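The values are calculated or read from the model by the stated rules, or taken from the named source; none is laboratory data. Note that the structure is a prediction, hence the values are computed from the model and not measured. Positions of Cβ are backbone-derived with ideal geometry, glycine not excepted, and every protein chain shown enters the neighbour counts. Just so you know, the surface numbers come from the protein's heavy atoms only, side chains and all, with ligands and any DNA or RNA stripped out. Shrake-Rupley method; radii C 1.70, N 1.55, O 1.52, S 1.80 Å.
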Amino acid sequence: MKDIAKRFPENQLLSPKDLQPSNEGLHIACLLNPGVFRFDDKIWLLVRVAERPEQTEIVVSFPILTDAGTIEIREIALDDVDLIMTDARVIKYKGVDYLTTLSHLRLLCSDDGIKFYEPEGYPTLFGAGALQTFGIEDCRVTHLDNKYYLTFTSVSASGVGVGLRTTTNWKQFETHGMILPPHNKDCAIFEEKINGLYYALHRPSSVDLGGNYIWLAQSPDGVHWGNHKCIIKTRKDHWDNARVGAGAAPIKTAHGWLEIYHGANYEHNYCLGAFLLDLNDPSKVLARTNEPIMIPIETYETTGFFGKVVFTNGHVVTGDVLTIYYGASDEFVCGANFSIKEILAALGI
Ligand code: MAN
């Protein structure tokens, strides 16, 4: 396997201890999977902050939001026979799934793309309403026609879907509810319209027929989506045999729309790959990397809250340099550079 990422020597850029919890009684377990954008001559991260109470040896405790927006702490005795906790991210109790942490989205900015700080006067984004009671996660930020589109995972007992908020100034936000219903996540809107239509990648998943595949959708207004097509599937006997999902908005190149995506195997090892879509008709897949372009190899990527994970949903492009910001082992925010030419070469272009 060839890993062509040039990791920042400063990694990890952000660790849970670097930020303050949003609420007394919670501590930050993970910082991960930031949305990334340029605004006001700075690079900004919309970091997913995952919180929970300090754990004890007697109970597992986890926060959920009420419909009214207050935090409620649930507790289950660790010796309860109905409790299943084989995945650090999920609590299974009496046939119902909960998350071990509650995520919100925090804005940080930087002048150099390496040192990030929380600026004053910008809000923290929390889950709101009945469809976000288990939090909001992994936001993609798309800049299109002077508006920022925030597509994020909305989690609740009703399922996992895609929520949308938009903003022009990062202080006031418009809420558009759930744009893609459960089960769906990993939604990234293209940063340009194509032939007058908005396009987005997204990842529905089904239990039996079908799988965790990447789909493409069209929209007349960026809010209502249709004409869905399945474009990228998992591959048997490959590193991405269990699930695939889009990263951030595709990058426009002379050869096509370049997308960095994550793929996982049945051992939940998350790597990154790339594919290329036709510029004029993005439902045509022109190329896909056979091998990953980035795999979890550094200690901060292999050991952490959920090890063996590199996961990206945000980047900035400067000429040939693609700088991704990524979640390492679901606990730290890190950075890495790629040469776009080198990724295209890996795609056979
Ligand atoms: C899922 C999501 C991501 C997470 C990966 C790896 O795809 O929950 O947020 O980073 O799993 O755990």
**OP:** Check off (1) closer than 25 Å to residue 132 by Cα; (2) of a type in the set (A, V, I, L, M, F, W, C); (3) touching a residue at least 40 places away in the same chain (Cβ under 8 Å) for residue 215 and give me the number that stays unchecked.
**Re:** (3)
Original post:
Can you name the condition, by its number, that residue 141 falls short on among (1) at pLDDT below 95; (2) β-branched (Val, Ile, Thr); (3) closer than 18 Å to residue 259 by Cβ?
Top reply: (1)
**OP:** Can you work out which of the residues in region 238-255 that are farther than 20 Å from residue 185 by Cα and without any contact (Cβ under 8 Å) to a residue 60 or more places away in the chain is farthest from the ligand (Cβ to nearest atom)?
**Re:** 254
**OP:** Working carefully through the options 256, 348, 319, find the one that is surrounded by 23 or more Cβ atoms within 10 Å (Cβ to Cβ) and at positive phi.
**Re:** 256
Original post:
So which of 69, 113, 127 ends up being assigned to a loop (DSSP other than H, G, I, E, B) and within 14 Å of residue 50 (Cα to Cα)?
Top reply: 127
Original post:
Which numbered condition trips up residue 300, out of (1) more than 16 Å from the ligand (Cβ to nearest atom); (2) closer than 23 Å to residue 139 by Cα?
Top reply: (1)
Subject >> Output for region 1-35, where each listed residue is open to solvent by 10 Å² or more (accessible area, probe 1.4 Å), hydrophobic (A, V, I, L, M, F, W, C) and within 25 Å of residue 292 (Cα to Cα) >> reply: 1, 4, 5, 8, 13
Original post:
In this structure, is residue 306 within 21 Å of residue 114 (Cα to Cα), touching a residue at least 24 places away in the same chain (Cβ under 8 Å) and either among the aromatic types (Phe, Trp, Tyr) or surrounded by fewer than 23 Cβ atoms within 10 Å (Cβ to Cβ) (or both)?
Top reply: no
**OP:** Name every residue in region 166-211 that is within 16 Å of the ligand (Cβ to nearest atom) and among the hydrophobic types (A, V, I, L, M, F, W, C), in order of residue number.
**Re:** 180, 187, 188, 201
**OP:** Look through 76, 64 and report the one residue that is assigned to a strand (DSSP E or B), more than 16 Å from the ligand (Cβ to nearest atom) and over 15 Å from residue 104 (Cα atoms).
**Re:** 76
**OP:** Could you please find all residues in region 264-295 being within 16 Å of the ligand (Cβ to nearest atom), crowded, with 23+ Cβ neighbours inside 10 Å and within 26 Å of residue 319 (Cα to Cα)?
**Re:** 271, 272, 273, 292, 294
